[in-house]
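Shown next, in structure tokens, is the structure this report addresses.
The values are calculated or read from the model by the stated rules, or taken from the named source; none is laboratory data. A quick note: this is a predicted structure, and the numbers were derived from the prediction, not measured. Every residue, glycine as well, gets a Cβ built from its backbone with ideal geometry; the counts of neighbours run over all protein chains shown.
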Amino acid sequence: MAAAIFSLFIFLVALLIGTSSASSSGLQILQAERQIELTSHIVRVYLTLKIENTEDAPATEVLLAFPPTQFDHLALVKAAVTVGKKRKKSYAPLEAKPTEQRDAPNGTKYYSVSLLKPLAKGETTTLEILYILTQSLEPFPKEIAQSDPQLVYYRDSAIVLSPYHIAHQATVVKTPSNNVESFTQVDPAQRSGSELRYGPYEGHGPYSYSPIIVHFENNHPFAVVEELEREIEISHWGSVQVTERYKLAHTGAKHKGAFSRVEYQSRPGGSGVSSFKHLLAVLPPRVHSVYYRDEIGNISTSRLRTNSKKSELLIEPRYPLFGGWKATFLIGYGVPLKDFLFESAPGARYLNYTFGCPIADTVVDKLTIKVVLPEGSKDPSVEVPFTVKQSLEKKYSYLDVIGRTVVVLEKRNVVPEHHVPFQVHYKFNPLFMLAEPLMLASTFFLLFAASVAYLHIDLSIRKK
Amino acid sequence: MAAQETSQSAIFRHAFGNVLSFTVLLLIGVMAFSIRLFSVIKYESVIHEFDPYFNYRVTQFLTKSGVYDFWNWFDDRTWYPLGRVIGGTVYPGLTLTAGTLWRILNSINIPLSVETVCVFTAPVFSAFASWATYLLTKEIKGAGAGLTAAALLAMVPSYISRSVAGSYDNEAVAIFALIFTFYLYIKTLNTGSLFYATLNAIAYFYMVCSWGGYTFIINLIPMHVLLCIVTGRYSPRLYIAYAPLVVLGTLLAALVPVVGFNAVMTSEHFASFLVFIIIHVVALVYYIKGILTPQMFKVAVTLVVSVGMVLCFAVLAVLIALVASSPTKGWSGRSLSLLDPTYASKYIPIIASVSEHQPPTWPSYFMDINVLAFLVPAGIIACFLPLSDASSFAVLYIVTSVYFSGVMVRLMLVLAPAACIMSGIALSEAFDVFTRSIKFHLVGTTQNPQENAGDATKVTQNDVKSEKSEDTVKERSSRKSKKKDKENIEKPSLVSRVEKRLLVLPLETSVMAVFLVVLLGAFYVVHCVWAAAEAYSAPSIVLTSRSHDGLHVFDDFREAYAWLSHNTEVDDKVASWWDYGYQTTAMANRTVIVDNNTWNNTHIATVGTALSSPEKAAWDIFNSLDVKYVLVVFGGLVGYPSDDINKFLWMVRIGGGVFPHIKEPDYLRDGQYRIDSQATPTMLNCLMYKLSYYRFVETDGRGYDKVRNTEIGKKHFKLNHFEEVFTTHHWMVRIYKLKSPRNRIRGKTKRSKSQKSGTSKRSTRKKNPWQ
């Protein structure tokens, strides 16, 4: 008994020491407001932190803590600081990057946000943070029949996980509809319509955690592109050709049992509510020669609408996608070169194109972008606003001799927020454009010359 | 001076003629290629129909794994659980051709996909085929006829039907190989060159590689040789044309795995060996005749004939014994149905069930060869003026192919080149006569008759000369026998002189006739373009219909195949009627039980039996075959007529042919096939009916079948052993999954076991012939 008490005491002491060491940076969160949006299959969390420095040493960075399970599903962390007063309020983006901490309890992972200017003692600042989680909604039941709605679990903590002391905090969870099966009660917590409100909670120490589960209906199409390969081929003859290969999956609750076409067709609202049958791809304006096919031929169910701002391609896979079903397809199109290729210096050019997946509201597990530079281009370099895996390849296309340089960019876990421009710089001598026409011309010339020669050569030994 | 001028103008004419015919040939090639692109333009660049999908799949394997793996390829994706040795059972010509083409293109960095190469193989080879037709007809009746025949062949609907872009089938390259083999045979016959004889054997080898129809060659050429011998046209050239072909050709043919020893063991090839013996005897006789005096020769003949008769009988007896010892008398079923058109429908329902094995109707002749049907007789007559070795071959070719096309609609394809050659000859001769008459009259008005007569002769002489010199230019390397040269000069000039005197028609008549012939040609062209665009370009995996609100696309087949390929396990077995086997393996990449290569009748009969059995019995059969999904094609919702219900009687027949408990009369009410309320209970309870019409009544409330134009007989029913897992948008393909057997409650089974253990066993055996 005494031993048990003693060990508990030791444990508490250790905990105290641990927490004090973690919060040794001396920052304190005065107010934390969190809004968790669960309306689609992408979880967006908006976090507003009002931070005060309580120590003498000025603070240059703020740590954001994530439980390890969440960290793996983290697609994007964005931070901004509010500048100016009420009227002229604006946001200045801050850099957020993952960091390691030596004594992180229970494998907690961190992002560190660098402040614009160091925070002196007693000063406060307000950070606006957005982070996006993918594949964090677990369908339960795991398998549903055609007429069932799709219910999912969302797991998180009622209290914001943080290495700092939080004075006041509140969390709002937004669900897509009023159908919430259950949610963990952490007083005070209440539900009104499609909103769950946790808090306000006062004075929680560092690394406080209070697990919650929200079980609710979410019939949003869980469209996940498991693999997307975009090949952007630059031709200096006036066109950029883009080919996108998709491996699409519905990652929601698995479809169970029969699929009845008659039910699906006769009751569009009541049957297969979590399935989806079309997707919208937003393509650049002035797009031409669009095609949509898969490995067994053209798919005839697509519609293209173009205007001066953008082109919208509405595509329907061959069959509606229910939970667990998959489909593969390919979209290709050409866009005018002058919209995307610019000359930065004499002989040097750069391509300015959009990163990410053109299909709206999807998650891409693995995105590979291949930029095929024209034959004979040199010194490729890439500018992307976030970290990607880069490598170079060679590709031989129509009548190539030395091959084209291919810049390969790879990124996992891509969400629509990654839809930002990136640049590929390279050097190119326009004379190379003439290589292939000249080659063809000379081939034909040789052919004709050979046939002329053949007609004039007499190889017979004896003259007739 | 004048002579020099004429010779110069002759050279000029000759050069101009060469360039002109080269250009015309090039344009014919372009036309042959482009007329076949309607399918790509109207639909898409996709492989068509059923067999091409198999060829495409084989080509994919070939390009991926290389040629050695291809020879050893054992395909476990089809004919489950038997599998199929693909390398040893396909004619590899087409796939090797396309595979080589693809490899060459990729090696010079033209990265076309295998599919693209496959789609465009047929149009490319039809251009080759029209050029080969030019060569063949030129050997028979000169360059004019050659060009006309090539142009006709480039757009003959019968050939288009098998060689539109995407129709990636054996016939696409085989017709080229067929014509080219014939060309080389005639070329050898005309020149007596061993070089061409060797090429001929190689061309024959290519034909053997490409198509089972090679037996047509190996029977037609011996027939022609025999004809030549019988009509006293034996010459050393004939010997050179024939003997190397048989020896080399047979050896080469035996190299093709699918033919192998069949090249010497089946009856289809025996005619060639018989003629081979005969030609040697004849050659020997001619040789002996050359060395002996006439008296001695007579003595020798009587001696040899008596001995020879004995020997011949002996050989014949051996042959007959050999043939009689094999069960089908050494003939394959398809060949037998060629000789006896009623054979298939009597004995082999599986051959009879294929629509392309039916005899054609008269309209299909008009559809497929159009005006050529009327021009052919004229061409045959032209071939007899004068009859040469080559033209007698052409006559023989047309006569035999007309017979074969009358037996099987598929062989219309063999008739088409013959018809084109004959019509080419006819048209060219007709133009020759008419234009000469016109020229005669036009020249006659300006000059006095005597001079123009001389002029006309000169012109014809010139023509002959230019033709001849053209020949010599083309065949510089080959040594022509002097005799042949002489013939060439003498015969045509004599003929032309005779013709000139006989065939000068009045000017008005000639002009009218030319006009009419051009009109005929124009009609042919219009028909061909229409046939290419409307009749033969549909890929049959995607259907379209035009209604008042625009074009409607039915892409259900690919919808179903794509669903299968993405949403079922890789090893799942899919059962369907054999028509869809090739497509399922190629597009869905799933194992099938039977496919379009109908090599195992019992296996197909098993599937037929399952589909015509009641649900439980069918479930047992399918389960014993490890089947997970059953696919049926149903056209009743949108009115697609070639669905499984319409094919169902064949399933019953083929199934009943092996498993006698399936009886066709059980499915017919008073000899009529119907699915409405008058249908027999066996019909309304069979699996095919149930899978096709499951919950169909819920679409319109009364279950009206648009194909059969009737309300279905049994509307509301449940499936106990099958579960609908996918139905395409227009209900054209329905996929069902076999329900896993229900867990047995222990007490229940025990009781039922004790009650009727003996009877249940027997009854299952009766129901399920597979166990």
Of everything in the stretch B:686-702, what is within 14 Å of chain A (Cβ to nearest Cβ) and in a helix (DSSP H, G or I)? Give them in sequence order. B:L691, B:S692, B:Y693, B:V697, B:E698, B:T699, B:D700
For the stretch A:388-447, name all the residues that are over 30 Å from A:D72 (Cβ atoms) and among the small types (G, A, S). A:S397, A:G403, A:A435, A:A441, A:S442
Just to be sure I understand the filter: pairs with C-beta atoms under 6 Å, separated by 6 or more residues or on different chains, first member in the stretch B:621-635 and within 18 Å of B:L564 (Cα to Cα), second member among the polar types (S, T, N, Q). Which pairs pass? B:L631/B:S576; B:V632/B:S692; B:F634/B:S692
Could you count how many residues in the stretch B:580-610 are more than 16 Å from B:R57 (Cβ to Cβ) and surrounded by fewer than 23 Cβ atoms within 10 Å (Cβ to Cβ)? 6
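Residues are listed down the side, and each one gets a yes or a no for (1) under 24 Å from B:A419 (Cα atoms); (2) among the hydroxyl-bearing types (S, T, Y):
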position: B:A151; (1), (2): yes, no
position: B:L178; (1), (2): yes, no
position: B:T191; (1), (2): no, yes
position: B:Y196; (1), (2): no, yes
position: B:I202; (1), (2): no, no
position: B:V208; (1), (2): yes, no
position: B:S235; (1), (2): no, yes
position: B:L238; (1), (2): no, no
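Yes/no per residue for (1) within 14 Å of chain A (Cβ to nearest Cβ); (2) more than 24 Å from the chain's Cα centre (by Cα); (3) farther than 26 Å from B:D579 by Cα:
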| residue | (1), (2), (3) |
| --- | --- |
| B:N55 | no, no, no |
| B:L62 | no, no, no |
| B:G66 | no, yes, yes |
| B:Y80 | no, yes, no |
| B:V85 | no, no, no |
| B:N109 | yes, yes, yes |
With a cut-off of at least 3 residues that are in contact (Cβ under 8 Å) with a residue 60 or more places away in the chain and within 14 Å of chain B (Cβ to nearest Cβ), name the strands (runs of 3 or more DSSP E) lying wholly within the stretch A:323-401. A:326-336
On the basis of being within 14 Å of another protein chain (Cβ to nearest Cβ) and in contact with a Ser or Thr (Cβ under 6 Å, 6 or more places away or on another chain), does A:Y264 make the cut? yes
If we ask which residues in the stretch A:288-319 are buried (at least 20 other Cβ atoms within 10 Å of the Cβ), assigned to a loop (DSSP other than H, G, I, E, B) and either away from chain B (no Cβ under 14 Å) or not hydrophobic (A, V, I, L, M, F, W, C) (or both), their number turns out to be 3
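Going by the conditions given, is B:I104 more than 14 Å from every other protein chain (Cβ to nearest Cβ) and free of Cβ contacts under 8 Å to residues at least 40 places away in the same chain?
Numbers: more than 14 Å from every other protein chain (Cβ to nearest Cβ): no; free of Cβ contacts under 8 Å to residues at least 40 places away in the same chain: yes.
No.
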Across the stretch A:227-261, what is the total count of residues that are away from chain B (no Cβ under 14 Å), surrounded by fewer than 17 Cβ atoms within 10 Å (Cβ to Cβ) and out of contact with any helix residue (DSSP H, G or I) (no Cβ under 9 Å at 6 or more places or on another chain)? 0
Run down A:Q135, A:Q101 and say which single residue is under 27 Å from the mean Cα position of the chain (by Cα), part of a loop (DSSP other than H, G, I, E, B) and crowded, with 17+ Cβ neighbours inside 10 Å. A:Q135
In the stretch B:654-687, how many residues are under 14 Å from B:T602 (Cα atoms) and surrounded by fewer than 17 Cβ atoms within 10 Å (Cβ to Cβ)? 2
Filtered residues of the stretch B:703-726 (kept if of a type in the set (A, V, I, L, M, F, W, C), part of a loop (DSSP other than H, G, I, E, B) and either surrounded by fewer than 19 Cβ atoms within 10 Å (Cβ to Cβ) or within 13 Å of chain A (Cβ to nearest Cβ) (or both)): B:V707, B:F717, B:L719
Output the qualifying pairs, or none if there are none: Cβ atoms under 7 angstrom, residues six or more apart or on different chains, first residue in the stretch B:552-566 and facing chain A (nearest Cβ under 9 Å) and on the phi < 0 side of the Ramachandran plot, second residue basic (K, R) and surrounded by fewer than 21 Cβ atoms within 10 Å (Cβ to Cβ). B:H566/A:K326
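Do you know which of the residues in the stretch A:402-434 that are within 14 Å of chain B (Cβ to nearest Cβ) and not small (G, A, S) is farthest from the chain's Cα centre (by Cα)? Lay out the reasoning, then the answer.
First pass over the stretch A:402-434, keeping only residues within 14 Å of chain B (Cβ to nearest Cβ): A:402-404, A:406.
Still in the list and also not small (G, A, S): A:402, A:404, A:406.
Working: A:I402: 35, A:R404: 28, A:V406: 22 Å.
Only one residue fits best here, namely A:I402.
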Just a yes or no: is a residue in the stretch B:391-408 at pLDDT below 90 and touching an Asp or Glu at 6+ places or on another chain (Cβ under 6 Å)? no
Tell me, yes or no, whether the stretch B:316-327 has at least one residue that is surrounded by 10 or more Cβ atoms within 10 Å (Cβ to Cβ) and outside any helix (DSSP H, G or I). yes
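Would you mention how many residues in the stretch A:138-152 are in a loop (DSSP other than H, G, I, E, B) and among the acidic types (D, E)?
1
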B:K706 meets each of (1) out of contact with any Gly (no Cβ under 8 Å at 6 or more places or on another chain); (2) modelled with pLDDT under 90 with one exception, condition (1)
I'd like the residue in the stretch B:727-746 that is more than 13 Å from chain A (Cβ to nearest Cβ) and either in contact with a His (Cβ under 9 Å, 6 or more places away or on another chain) or in a loop (DSSP other than H, G, I, E, B) (or both) and, out of all such residues, is modelled with the lowest pLDDT. B:I745
Hey, B:V594 more than 14 Å from every other protein chain (Cβ to nearest Cβ) and in a loop (DSSP other than H, G, I, E, B) or not: yes
Scan the stretch A:433-454 and tell me whether some residue there is outside the structural domain of A:H41 (by TED's automatic domain parsing) and not in a helix (DSSP H, G or I). no
Out of all the residues in the stretch B:567-588, which are within 14 Å of chain A (Cβ to nearest Cβ) and not in a helix (DSSP H, G or I)? B:T568, B:E569, B:V570
Residue that is without any contact (Cβ under 8 Å) to a residue 40 or more places away in the chain, of a type outside the set (S, T, N, Q) and either assigned to a helix (DSSP H, G or I) or farther than 30 Å from B:F74 by Cα (or both), where the choices are B:G249, B:G232: B:G232
Starting from residues that are among the hydroxyl-bearing types (S, T, Y) and away from every other protein chain (no Cβ under 14 Å), keep the ones in the stretch B:19-49 and report whichever is nearest to B:A586 (Cα to Cα). B:S34
